[in-house]
Amino acid sequence: MDTGSDMKLDRGYLIALEGIDGTGKTTQGNLLADYLEQRGLPVVRLREPTQGMWGQKIRRILTEGRGGTTPEEELQWFLNDRKEDVEQNIRPALNTNKLVVIDRYYFSTAAYQGALGFDPVKICADNEAFAPRPDRVLIFSGSLETSFERIAKGRDGFSSFEKKDYLQKVQAIFDSFEGPHIRRIDSDGSVEAVHGQVVTVVDALLGIGEPR
Ligand code: TYD
């Protein structure tokens, strides 16, 4: 459906979708991007880990296990991957007034590598030294059981990060984030219900949408 002429933004916007595995971020990110494109907005869709060199190294430990990779190396790989993404994709899009919708960003590093023992507050600060802070961080959270059921149904198997006790720690760190850019999305509902929550947050950010 075409809803009209292209809309120009007065600046770039960055919206990050965060939360543990199986909370539906990718489905919701795609629905959000479609919704915004239908309104004529220039959307750039990204995800981390990326398909770049560091992202590929990361995906290897996700499928094959951490093996001999140390937590320090793992943390560094995620940072290297993000630095590339910021330079090559995120900053250029923001500088040309695009609306970036990204699945996972540095809050995932704070939560997942924080759950390995690193200080999540320091991880955020280290990232904010080079990575732009999002306008909104939508943190998807629901019951761990629902997330696990979704992972089991949706894919071939669990990655090496998808262990219940580990994800519980990751979830606790996601729960601890606060600030004016943070919004929580209840991910346990239907796809439509969750999309409704996402649209409400993004419409309010951009000052668009029908009066409700
Ligand atoms: P995920 O979004 O699940 O990718 P895909 O759906 O393509 O498999 O991300 C892969 C995993 O990487 C996920 O378990 C979270 C983890 N991760 C980190 O541990 N730290 C990070 O900084 C990021 C971006 C992801």
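The values are calculated or read from the model by the stated rules, or taken from the named source; none is laboratory data. Not measured: the values here are computed from a predicted model. Heads up, the Cβs are rebuilt from the backbone with ideal geometry, glycines too, and the neighbour counts pull from every protein chain shown. All accessible areas refer to the heavy atoms of the entire protein, side chains included, with ligands and DNA or RNA removed. Shrake-Rupley method; radii C 1.70, N 1.55, O 1.52, S 1.80 Å.
A few comments on the model shown:
- Residues of the stretch 9-42 satisfying the condition of being more than 11 Å from the ligand (Cβ to nearest atom), in contact with a strand residue (DSSP E or B) (Cβ under 8 Å, 6 or more places away or on another chain) and not in a loop (DSSP other than H, G, I, E, B): 13, 14, 15, 28, 30, 32, 33, 36, 37
- One residue from 148, 130 being aromatic (Phe, Trp, Tyr) and surrounded by 15 or more Cβ atoms within 10 Å (Cβ to Cβ): 148
- Members of the stretch 143-180 that are within 20 Å of residue 119 (Cβ to Cβ) and outside any helix (DSSP H, G or I): 161, 177, 178, 179
- Single unsatisfied condition, residue 45 versus (1) outside any strand (DSSP E or B); (2) away from the ligand (no atom under 11 Å from the Cβ); (3) touching a residue at least 24 places away in the same chain (Cβ under 8 Å); (4) open to solvent by 20 Å² or more (accessible area, probe 1.4 Å): (1)
- Test: residue in the stretch 49-70 that is more than 14 Å from the ligand (Cβ to nearest atom) and under 20 Å from residue 138 (Cα atoms): no
- From 118, 107, 140, residue being under 30 Å from residue 204 (Cβ atoms), aromatic (Phe, Trp, Tyr) and either in a strand (DSSP E or B) or open to solvent by 10 Å² or more (accessible area, probe 1.4 Å) (or both): 140
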